[in-house]
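First comes the structure, then the notes that go with it.
The values are calculated or read from the model by the stated rules, or taken from the named source; none is laboratory data. It should be emphasised that the depicted structure is a prediction, and the values quoted were computed from it without experimental measurement. Quick reminder, even Gly has a Cβ in these numbers, built from the backbone with ideal geometry, and neighbours come from all protein chains shown. We work out accessible area using only protein heavy atoms, side chains counted, and drop any ligands, DNA or RNA first. Shrake-Rupley method; radii C 1.70, N 1.55, O 1.52, S 1.80 Å.
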Amino acid sequence: MIDKYKKLTLALLALPVLLAAGCATTPPSNTDDLCEIFREKDDWYHDAAKSSRKWNTPIATMMATLHQESRFVHDAKPPRTKILWIIPGPRPSDAYGYSQALGTTWRGYQRATGSYGADRDDFADAIDFVGWYHNTSQRQCKIKPNDTYHLYLAYHEGQGGFNRRTYRNKKWLQNVAHKVSSRAQTYQQQLNSCEASLKKRKKFLGIF
């Protein structure tokens, strides 16, 4: 009987840890409201603010980029191609994670920042990657930090492609970039209304 109680006690003690682990990788319930995202995902505001300060890129721009790339799904991958319109074929690239970074690009980020342990399915690492990439685009492509439209074009095409203006004949990509820019503006308005409370909460928890 004692062993049964011990097992039950251990199971109950482990339950919060298991639940926390499960919640950590689920997408936010409401991806259209940045305040709700940060309230639900306790550490995300701290991670986003840290990346923003480090890479001189607005939180709203980075979060809008992640929304477009993965809808905040930690292990997102590009959909498979179709063979004869029916049979699942290979994926078009090895893009993976929150940021949908390619393997080669991610390794470049690791080398440039010394973050060799960074993972594409870890939010803190992913948003740091996005901040780093946008900062690189700011410098190499002469894009302003709050110019989400052109930053997203460079994110999609690469800095070399952007400087060659490869996006000019891609109307669909321009439309997507406008959508990301619009979301960043909405996110910024939302963040303006709640950032003070988010900062207070983090100070109370001893994170800042």
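Before moving on, here are some points about what is shown:
- Any hit, region 192-207, residues being β-branched (Val, Ile, Thr), more than 19 Å from VAL73 (Cβ to Cβ), surrounded by fewer than 17 Cβ atoms within 10 Å (Cβ to Cβ) and at pLDDT below 95: yes
- Within region 163-177, the residues that satisfy the criterion of being in a helix (DSSP H, G or I), open to solvent by 40 Å² or more (accessible area, probe 1.4 Å) and not aromatic (Phe, Trp, Tyr) are ASN163, THR166, ARG168, ASN169, LYS171, ASN175.
- Region 150-162, residues that are open to solvent by 20 Å² or more (accessible area, probe 1.4 Å) and more than 17 Å from the chain's Cα centre (by Cα): HIS150, GLU157, GLN159, GLY160
- Test result for SER115, modelled with pLDDT of 95 or more, farther than 26 Å from SER182 by Cβ, assigned to a loop (DSSP other than H, G, I, E, B) and open to solvent by 10 Å² or more (accessible area, probe 1.4 Å): yes
- For region 58-77, the tally of residues that are in a loop (DSSP other than H, G, I, E, B) and over 13 Å from SER99 (Cβ atoms) stands at 1.
- Qualifying residue in region 125-142 (condition: under 14 Å from GLU69 (Cα atoms), assigned to a loop (DSSP other than H, G, I, E, B) and open to solvent by 60 Å² or more (accessible area, probe 1.4 Å)): no
- Count of residues meeting criterion [touching a Phe, Trp or Tyr at 6+ places or on another chain (Cβ under 8 Å) and surrounded by fewer than 18 Cβ atoms within 10 Å (Cβ to Cβ)] in region 33-46: 1
- So SER137, is it within 14 Å of VAL180 (Cβ to Cβ) and among the small types (Gly, Ala, Ser): yes
- Yes/no for THR81 being at pLDDT 95 or above, closer than 25 Å to VAL180 by Cβ and either loosely packed, with under 14 Cβ neighbours inside 10 Å or β-branched (Val, Ile, Thr) (or both): no
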